[in-house]
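Have a look at the structure below, then the notes.
The values are calculated or read from the model by the stated rules, or taken from the named source; none is laboratory data. What you are looking at is a predicted structure, and each value in this text was computed from that prediction instead of being measured. Because the Cβ atoms are built from the backbone with ideal geometry, glycine has one as well, and the counts that use them run over all protein chains shown.
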Amino acid sequence: MSQIRQMRSDVVRHRAALMDAAAKVFATHGVDVALDAVVEAAGVGRATLYRHFPHRTALLLALFDREIAPVLAPRSGRPDDALITMIKEVGLASSGSAVLADAWRAIAPDNPELRQRQRDIQAALEQPLADALQAGRVRPGLTMTDVILIIRMVAGVARHAPGDDQAADRAIDLVLNGIRPQR
C-alpha cells in the first residue's frame, strides 16, 4: 500500500474515531463537555481533532450530517408512504439521539451551516409532500410548515419516550388521521 493511501485511510479512520467518540462523550456528558474528553476517547491528538473539526460547531454539524443524511434519501412507493416515512425518520433521527437533539439546540440558530441543513431537510420533503398532495393522499392545503411542525411533534414524542417506537408510531397514526383528506 502506498504511503499516500495509508495516510488517507488514517484520515478516514481518525475522523470516524472522533465522531464515534464525540457521540459517546456528548451522550454521557452533554455537548458542552471539554473537547479534550473527545480527543482522549478517540485516542488521537488535539491537533487531529482540530484538523478535522476546527470548532465544536463543525463537529456537531458532522454528527448531525451522519445521522440525518440517510434519512433524506429519495423514496419510492405510494406518495403518502414516502412523506410519512420521511416525517417519522427525520423526527426520530433528530431526537432519537439525545446527542443530535442537544447538538441541534447548541448550534446558534442563525448559523449559516445549520440554516443550510434546515433548507436541505425541507428540500428533501418538498417532492414527497407535492406527490402526496397531488395524489389526494393528504388533506389539501397541507404545507411545508405543517410538515415541519409534525416532525417536531414526532421528535418531541421520541425525546420523551426514548426507545419506545410504539409511542412514535402512535403519534404518527394520530397525525395521519389529521392530515388525510376528509371522507
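Within region 119-131, the set of residues being surrounded by fewer than 14 Cβ atoms within 10 Å (Cβ to Cβ) and under 16 Å from residue 90 (Cα atoms) comprises 119, 123, 126. Residues of region 138-166 that are aliphatic (A, V, I, L, M), modelled with pLDDT of 75 or more and within 22 Å of the chain's Cα centre (by Cα): 144, 147, 148, 149, 150, 151, 153, 154, 155, 157.
At least 3 residues that are modelled with pLDDT of 90 or more and over 19 Å from the mean Cα position of the chain (by Cα) in each: list the helices (runs of 4 or more DSSP H) lying fully within region 23-133 that qualify.
On the way: elements: 35-42, 46-52, 56-68, 79-96, 98-106.
Helices (runs of 4 or more DSSP H) meeting the threshold: 35-42, 46-52.
Within region 18-26, is even one residue among the β-branched types (Val, Ile, Thr) and either in contact with a Pro (Cβ under 7 Å, 6 or more places away or on another chain) or exposed (fewer than 12 other Cβ atoms within 10 Å of the Cβ) (or both)? No: zero hits.
Taking every residue in region 125-154 that is among the hydroxyl-bearing types (Ser, Thr, Tyr) and pairing it with any residue that is part of a helix (DSSP H, G or I), at least 6 positions away or on another chain, the pairs with Cβ-Cβ distances below 9 Å are 143/129.
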